[in-house]
Amino acid sequence: MARRGKGRSINGIILLDKPTDISSNHALQRVKRIFFANKAGHTGALDPLATGMLPVCLGEATKFSQFLLDSDKRYIVTATLGVRTTTSDSQGDVVSERPVNVTQAQLDDALDTFRGDIMQVPSMFSALKHKGQPLYKYAREGITIEREARPISVYEINQLRFEGNEVDLDIHVSKGTYIRTIVDDLGELLGCGAHVSVLRRTQVADYPYDKMVTIDQLESLIEQAKESDVSPYDLLDPLLLDMDSAVKKYPEVNVSEEMGDYVLHGQPVQVFGAPDNTILRITVGEAHTFIGVGKMNDAGLIAPTRLANL
């Protein structure tokens, strides 16, 4: 029997609108199969409960996924007051139920405590690792591990709706922020408990919301291609964003073709006027072809730190 190929060398980023009730890895594998890509990786998992923006990096773009892991995120969340759960979301077991007697003024005061730079203790149901195992594995066995509070930034936390025992919030946060923990802490501040019942990620870095596509949309393009007797990749590939979109916020350094060859062989090069103390996006020639990222070294040369194999 003929062996299945390893996939195409296709490079780029697709902004997936992840559906609820599947893991981010499951969503990633479906996208990888749809594009028949040789490599794929996502840029920060969403809980199975959550929907929304999940940038999936294909091919050489996986080398730059870390920059999206480190980026700001934005979410819309529904907090259900009065019920606290083990996982701080609706998929966990109920820990306590308390009456909800919360005024608008109390909610305003509580939300204000989260704005700015704060310390957050990660949930036991997070993917942070302890002795090589994610915390959620210990939690499922009833084991609690001491966690240190970590600095995070809440740039915005805005109330969208407050009806009965539900509060809708729009939250813009730094990397490493757990929205479930914010909601759980909010519930304790209000004295009634709370958990996440709906969570949607609306932004990662500066990626536009309207560029997201669903798995159903991708699969419908495959069917459309069959009906039109064209390659499905003719319809799928135009949806990919350039792989350097993951590092667009960093300054560009454009070098000649000759210098680009040096860089691609791992050698540092001199570029006058290049900014120091920051990651640099390296492009080549008049076409500004992206080849990787680098930093200024102690000798004042731009040394490549991560290169695309094009």
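Computed quantities for the displayed model
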quantity	calculated
Residue tally, condition among the β-branched types (Val, Ile, Thr) and surrounded by fewer than 23 Cβ atoms within 10 Å (Cβ to Cβ), over segment 181-203	3
Helices (runs of 4 or more DSSP H) completely within segment 16-135 that count 2 or more residues being within 26 Å of residue 236 (Cβ to Cβ) and among the hydrophobic types (A, V, I, L, M, F, W, C)	24-35, 66-69
Sole residue being among the basic types (Lys, Arg), without any contact (Cβ under 8 Å) to a residue 24 or more places away in the chain and open to solvent by 60 Å² or more (accessible area, probe 1.4 Å), chosen from 150, 140	140
Evaluation of residue 128 against (1) of a type outside the set (Gly, Ala, Ser); (2) touching a helix residue (DSSP H, G or I) at 6+ places or on another chain (Cβ under 6 Å); (3) closer than 14 Å to residue 183 by Cα (one fails), failing number	(3)
Any hit, segment 81-93, residues being touching a residue at least 60 places away in the same chain (Cβ under 8 Å), open to solvent by 20 Å² or more (accessible area, probe 1.4 Å) and more than 25 Å from the chain's Cα centre (by Cα)	yes
Criterion violated by residue 74 - all others in (1) crowded, with 21+ Cβ neighbours inside 10 Å; (2) within 12 Å of the chain's Cα centre (by Cα) satisfied	(1)
Number of positions in segment 153-167 that are open to solvent by 30 Å² or more (accessible area, probe 1.4 Å) and either part of a strand (DSSP E or B) or polar (S, T, N, Q) (or both)	10
Some residue of segment 168-183 being assigned to a strand (DSSP E or B), more than 28 Å from residue 105 (Cα to Cα) and out of contact with any Gly (no Cβ under 8 Å at 6 or more places or on another chain)	no
Subset tally (residues that are of a type outside the set (A, V, I, L, M, F, W, C) and over 23 Å from residue 43 (Cα atoms)) for segment 132-186	18
Hey, residue 21 acidic (Asp, Glu), closer than 20 Å to residue 213 by Cβ and at pLDDT 95 or above or not	no
Check on residue 225, within 18 Å of residue 66 (Cα to Cα) and aliphatic (A, V, I, L, M)	no
Some residue of segment 260-271 being surrounded by fewer than 13 Cβ atoms within 10 Å (Cβ to Cβ), charged (D, E, K, R) and more than 21 Å from residue 62 (Cβ to Cβ)	no
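Residue-wise test of (1) among the aliphatic types (A, V, I, L, M); (2) at pLDDT below 95; (3) touching a helix residue (DSSP H, G or I) at 6+ places or on another chain (Cβ under 9 Å).
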{"residue": "132", "(1), (2), (3)": "no, yes, no"}
{"residue": "140", "(1), (2), (3)": "no, yes, no"}
{"residue": "144", "(1), (2), (3)": "no, yes, yes"}
{"residue": "149", "(1), (2), (3)": "yes, yes, no"}
{"residue": "156", "(1), (2), (3)": "no, no, no"}
{"residue": "161", "(1), (2), (3)": "no, no, no"}
{"residue": "165", "(1), (2), (3)": "no, no, no"}
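The values are calculated or read from the model by the stated rules, or taken from the named source; none is laboratory data. Quick caveat, the model's predicted, so the values are computed rather than measured. As a convention, Cβ positions derive from the backbone with ideal geometry for all residues, glycine included, and neighbour counts pool all protein chains shown. Quick note on the areas: whole protein, heavy atoms, side chains included, nothing else; ligands and nucleic acids left out. Shrake-Rupley method; radii C 1.70, N 1.55, O 1.52, S 1.80 Å.
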